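The values are calculated or read from the model by the stated rules, or taken from the named source; none is laboratory data. Fair warning: this is a prediction, and the values are worked out from it, not measured in the lab. A quick note on method: Cβ atoms are made from the backbone with ideal geometry, for glycine too, and the neighbour counts reach across all protein chains shown.
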Amino acid sequence: MESISVFDMLSIGVGPSSSHTLGPWRAAKQWIKDLQNRELFTGVASVQVELFGSLALTGKGHATDIAVLMGLLGTDPVTFDIADIQNQVDKVKVSKTLMLNLEKEIPFYFEQHIIFNREFLDFHPNGVTFTASLRNGLKKSSTYYSIGGGFIVQEERKRAKRQTEKFEGFPFPIQKATEILEYCKKEKLSISELVYKNELSLRDPDRIDAKLKAIWDVMLDSMYVGCHTKGILPGGLNVIRRAYETHEKLKGKTPYSNAYEWIHSIRDTEVKFRQILKWVSCFALAVNEVNASLGRVVTAPTNGSAGVIPAVLMYYMVIENHDADFEDIKKFLLVAGEIGSLFKKNATISAAMGGCQAEIGVSSAMAAGALTELMGGSPGQVLVAAEIAMEHHLGLTCDPIGGLVQIPCIERNAMGAIKAINASELALDTDPENVKVPLDKVIQTMWETAKDMSAKYKETSEGGLAIGVNMADC
């Protein structure tokens, strides 16, 4: 049974896509590590990268080639100064050399050594093959797959099993939602308490708190930056940032100088139904505008859906509970991560595999369940909320115009956040014993829907809005 940590489902990275940007970046770093482990690194004379399937079809719009380059340079997507990314790319293009892992200079022609191949590999739509030409004349190739949420694998389930064998396993191993309910009932625990006990098998309490705080800080910062940045998003669609203007209309008169003071300032603003809708949408738009600009966000569970969970958590903090503190944030993220892992284990969180239902749908389910626990819902009601949110995202396609995570992706985060809040409210008034569609069934249905969905609606930009609206129209 796969043991997936909350910190696997919620990880800090760089936009615009967890599967097309963060995953390939990590894959390049892992490939270098593998070369070093096989004592081949010092003999590398040149490298070539081939992107397959969805990575090739929408790779330009997702900056996949740039991400691969940054990985080959050995930079860390969590800590690298994103403002310096373009400088690094320009340096390689001009010099026609690359400092592999910041250790070894090799010739590198950006446009020639990164190849976009529209062919799909059998294992997964997001394939990338790295080939090293060695000084002794041999070539060594490795293929990795970016399976959503920044996860990379060579053999998905086998590799996952090897990783879980590094420790004894969670005290409460979970594969299905029904098992969560059984554990909670038997141990008399909330879902967040149950998940926390599992996390304690991996790291100590201080480390858990530090990592959760780091995640929240990035979420908050992405909302703050997005709400205070105006202009046009890069990529050629000429999409105007909307969070800034919305925020200007909503913000009150209470002064602030940082993101935490900003929270208190928002609490002093007028709160009516329309304002609530606008604030939630503003938070979600802000995050995904930062994401679309190669900014730093938290995969939740992916970059394309990164705005839903921060927006719903911020809603709780500035609208529902003005006394909310880190303990509330902690519970929310623990529950959200666990719900996301159910979809990861039993379906997919990759739009290239399942369409946008696998991204916005999953993030909405994660947020709905997490909010429900904070609002006093039972474990059963938490899972009901997650089910409602996903049920009404079933079949949602992924058809980004120009291969960019902008249209319709940014707005979909706002819609996913609003649906999550609504799903939570419905669940709080629901007796779980009377539910007709349990969460496990909707996850199974989502996976069946994903398998039936045409490939042109799975992040290939070959159908839907992606061909209905041309770049020239923008």
Original post:
Within the range 125-157, which residues are farther than 14 Å from residue 30 by Cβ and either in a loop (DSSP other than H, G, I, E, B) or hydrophobic (A, V, I, L, M, F, W, C) (or both)?
Top reply: 125, 134, 135, 136, 137, 138, 149
Original post:
Are there any pairs with C-beta distances below 6 angstrom linking a residue in the range 67-79 that is within 19 Å of residue 297 (Cβ to Cβ) to a residue that is among the hydroxyl-bearing types (Ser, Thr, Tyr), with the two at least 6 apart or on different chains, and if so which?
Top reply: 67/21
**OP:** Could you check, for the range 390-401, whether at least one of its residues is more than 20 Å from residue 148 (Cα to Cα) and of a type outside the set (S, T, N, Q)?
**Re:** yes
Original post:
Tally time: how many residues in the range 424-460 are in contact with a Cys (Cβ under 9 Å, 6 or more places away or on another chain), assigned to a loop (DSSP other than H, G, I, E, B) and hydroxyl-bearing (Ser, Thr, Tyr)?
Top reply: 1
Subject >> Number of the exception - residue 365 against (1) assigned to a helix (DSSP H, G or I); (2) of a type in the set (A, V, I, L, M, F, W, C); (3) farther than 20 Å from residue 419 by Cβ >> reply: (3)
Original post:
List pairs: first in the range 116-130 and touching a residue at least 60 places away in the same chain (Cβ under 8 Å), second part of a strand (DSSP E or B) and surrounded by fewer than 16 Cβ atoms within 10 Å (Cβ to Cβ), Cβ under 7 Å, 6+ apart or cross-chain?
Top reply: 129/141; 130/141
Subject >> Yes/no for residue 78 being at negative phi, surrounded by fewer than 17 Cβ atoms within 10 Å (Cβ to Cβ) and in a loop (DSSP other than H, G, I, E, B) >> reply: yes
**OP:** Answer yes if at least one residue in the range 163-174 is under 22 Å from the mean Cα position of the chain (by Cα), of a type in the set (Ser, Thr, Tyr), modelled with pLDDT under 95 and in a strand (DSSP E or B), and no otherwise.
**Re:** no
**OP:** Answer yes or no: is there a residue in the range 179-189 that is outside any helix (DSSP H, G or I) and either of a type in the set (Phe, Trp, Tyr) or modelled with pLDDT of 95 or more (or both).
**Re:** yes
Original post:
Pairs under 8 Å by beta carbon, first residue farther than 16 Å from residue 261 by Cα in the range 317-328, partner among the hydroxyl-bearing types (Ser, Thr, Tyr) and in a helix (DSSP H, G or I), six or more apart or different chains?
Top reply: 328/316
Original post:
Can you name the residue in the range 291-320 that is crowded, with 24+ Cβ neighbours inside 10 Å and within 17 Å of residue 400 (Cα to Cα) and, of all such residues, is nearest to the chain's Cα centre (by Cα)?
Top reply: 302
**OP:** Identify all residues within the range 136-155 that are out of contact with any strand residue (DSSP E or B) (no Cβ under 7 Å at 6 or more places or on another chain), closer than 19 Å to residue 59 by Cα and of a type outside the set (Phe, Trp, Tyr); write none if there are none.
**Re:** 148
Original post:
Do the conditions hold for residue 286, that is, is it farther than 21 Å from residue 385 by Cα, crowded, with 24+ Cβ neighbours inside 10 Å, assigned by TED's automatic domain parsing to the domain that holds residue 423 and not aromatic (Phe, Trp, Tyr)?
Top reply: yes
Original post:
Out of curiosity, is residue 454 of a type in the set (Ser, Thr, Tyr) and surrounded by fewer than 18 Cβ atoms within 10 Å (Cβ to Cβ)?
Top reply: yes
Original post:
Mind checking which pairs have a first residue in the range 366-384 that is within 19 Å of residue 442 (Cα to Cα) and a second that is aromatic (Phe, Trp, Tyr) and surrounded by 24 or more Cβ atoms within 10 Å (Cβ to Cβ), Cβ under 6 Å, 6 or more apart or different chains?
Top reply: 370/332
**OP:** Would you check which residues across the range 71-97 are polar (S, T, N, Q) and more than 21 Å from residue 113 (Cβ to Cβ) and list them?
**Re:** 79
Original post:
Got a sec? Which helices (runs of 4 or more DSSP H) wholly within the range 204-319 have at least 2 residues that are touching a Phe, Trp or Tyr at 6+ places or on another chain (Cβ under 6 Å) and under 16 Å from residue 336 (Cα atoms)?
Top reply: 308-315
Original post:
residue 269: within 19 Å of the chain's Cα centre (by Cα), assigned by TED's automatic domain parsing to the domain that holds residue 240 and surrounded by 14 or more Cβ atoms within 10 Å (Cβ to Cβ), yes or no?
Top reply: no
**OP:** Report yes if residue 239 is modelled with pLDDT of 95 or more and in contact with a Leu (Cβ under 8 Å, 6 or more places away or on another chain), otherwise no.
**Re:** yes
